[in-house]
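Data first, discussion second: the structure below is written as structure tokens.
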Amino acid sequence: MLFFLCSLKIIITFAPLTRGGVYIMLIIPIKDGENIDRALKRYKRKFDKTGTVRQLRSRQAFIKPSVVRRAQVQKAAYIQNMKDGLES
């Protein structure tokens with residue numbers, strides 16, 4: 001959901017998927033004389049940081065907790081091996 005308030009020069013949107021089911025309101029103030037493309041770029045960057053799309057994709061299919069834990073352990077082992085390789 002995206003709202004443009006031209007008189008106040010603000011872009012307001014709600015990020016629908018968050019923890020606890022609470023909506024997050026993204027407010028992007030537009031400066032005088034600022035290009036709308038630049039404001040939309042700031043909006044997209046801020047929206048990406050909320051992780052809404054990532055959360056949507058992860059909810060498409062159920063992943064067992066044991067599989068999630070295994071992936072976390074494998075990732076931690078990979079990172080540790082990378083750090084050990086840099087130290088030696």
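No value in this document is a laboratory result; all are computed from the given coordinates. Predicted model only: the values in this text are computed from it and were never measured. Neighbour counts run over all protein chains shown; Cβ positions are idealised from the backbone, glycine included.
Before moving on, here are some points about what is shown:
- Summed side-chain charge close to Leu26 - residues other than Leu26 whose Cβ falls under 13 Å, Lys, Arg +1, Asp, Glu -1: +4
- Long-range amide H partners of Ile24 with built H, under 5 Å: Ala15
- Across the cross-link table entries Lys46/Lys75; Lys49/Lys75; Lys41/Lys83, which are compared at the Cα atoms, the separations over 29 Å belong to Lys41/Lys83.
- Computed E for Arg38/Ser66 - FRET, C-beta separation, R0 35 angstrom, nearest 0.05: 0.15
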